[in-house]
Amino acid sequence: MDLLDHVAAQIKDLRINYNSGEGLSQEALAKQLKVAPNTISRWETGMYRPGLADLERLARFFGVSMMTFLPSEMGVGDNENLVALLRTARQLHPADLEELRKYAEFRKARSIFKGKSRPKPGRKGSRHK
Amino acid sequence: MNVQDYYEDLKRLARQVRAKYGLVTPRVLPSDLRRIYFSNGIEIDIWPYRLRNLRGAFICDKLGTTVMLAGGLPQDPLVFTMAHELKHFFRDRDLGLSYCDQSNMNRTLEIGAEVFASELLFPDRDFVMHMERMGVRRNQCLPNTLVQLKHWTRTTLSYAGLAIKAERLRFAPPGSLTKVKTWRKLEAAYGLRV
């Protein structure tokens, strides 16, 4: 399973298992995230890759780390650098420290996602040669 | 190097940066600083989520050099924070992470970043020159003087920054300006927008 398929599967999994297995419809999730209803479907089928800001919002909505969307072999468990980095910031307000941790994860996700987008449907052959 | 020498060195660096990037007035805009960031390969992330005291953070590691800035900062605090984080880029890159909030303002590195930012936005020499032009002598600078100065120069250094500078350069007795909290009212009284 490649990275984008993994992201798609994770989104679907989180949505279906939302609220202790009660689940959430794609429309309801779309409403929460203020995106078009078919966007969720396209994320879940891997047709579109959600942007990093979308992933951050999804992570916040489901109350999970942004690293949830990344396969473990891509360094989800490798948080040594992150811990070392944040050790210096212990005197921050806990809420700010949490945001700094999320920002550090955001950076990591960005570095992994760089250049991993899929061509958007409907644009095939439209590139100038 | 003692602490005073360290701060003087940072001021020198700030003046060099101003000269290199053609900053010639005390009105330094976010676009000016973005240009400096861009030319040094520093990525800016505006963080749209709520932060308590944190205004900015600088991270330099194997993933790159990035500065996180609190979203929604007004222009003056934004410019100051960007200038502050720029000091960490020039001098503290090996630390990995630096952040700017209210809790760590006593550390020498952080005070140094404030000194650097203040000099980058409004060099002491220019400040003294403007004060002399306005006929302000030692210990005679009043809150209204700073309102007038900010209005004339359109500087993006905040009132808090101007007050610290005026006291440090002995244009005002210690505490006479830095304790003022009513800058907006003074602006209104001066006939400026509130």
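The values are calculated or read from the model by the stated rules, or taken from the named source; none is laboratory data. Everything quoted here is computed from the prediction, not taken from an experiment. We place every Cβ from the backbone using ideal geometry, glycine too, and count neighbours over all the protein chains shown.
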Quiz item: Do you know which residues across segment B:14-51 are surrounded by 14 or more Cβ atoms within 10 Å (Cβ to Cβ) and closer than 24 Å to residue A:109 by Cα?
Solution: B:37, B:42, B:43, B:44, B:45, B:47, B:49, B:51
Quiz item: Which of the residues that make up segment B:35-76 are more than 14 Å from chain A (Cβ to nearest Cβ), touching a residue at least 40 places away in the same chain (Cβ under 8 Å) and farther than 22 Å from residue B:94 by Cβ?
Solution: B:75, B:76
Exercise. Identify the single condition in (1) without any contact (Cβ under 8 Å) to a residue 60 or more places away in the chain; (2) under 30 Å from residue A:56 (Cα atoms) that residue B:12 does not satisfy, given that it satisfies every other one.
Key: (2)
Practice problem: Name the one entry in B:107, B:125 that is modelled with pLDDT of 95 or more and surrounded by fewer than 16 Cβ atoms within 10 Å (Cβ to Cβ). | Solution: B:125
Quiz prompt | Number of positions in segment A:16-39 that are in a helix (DSSP H, G or I) and under 21 Å from residue A:106 (Cβ atoms) | solution = 4
Quiz item: If you check B:89, B:80, which single one turns out to be away from every other protein chain (no Cβ under 14 Å), within 30 Å of residue A:57 (Cβ to Cβ) and touching a Gly at 6+ places or on another chain (Cβ under 7 Å)?
Solution: B:80
Quiz item: Filter segment A:43-56 for residues that are crowded, with 19+ Cβ neighbours inside 10 Å and charged (D, E, K, R); which is nearest to residue A:2 (Cα to Cα)?
Solution: A:49
Quiz item: Could you say which residue among B:147, B:180, B:136 is under 19 Å from the mean Cα position of the chain (by Cα) and not in a helix (DSSP H, G or I)?
Solution: B:180
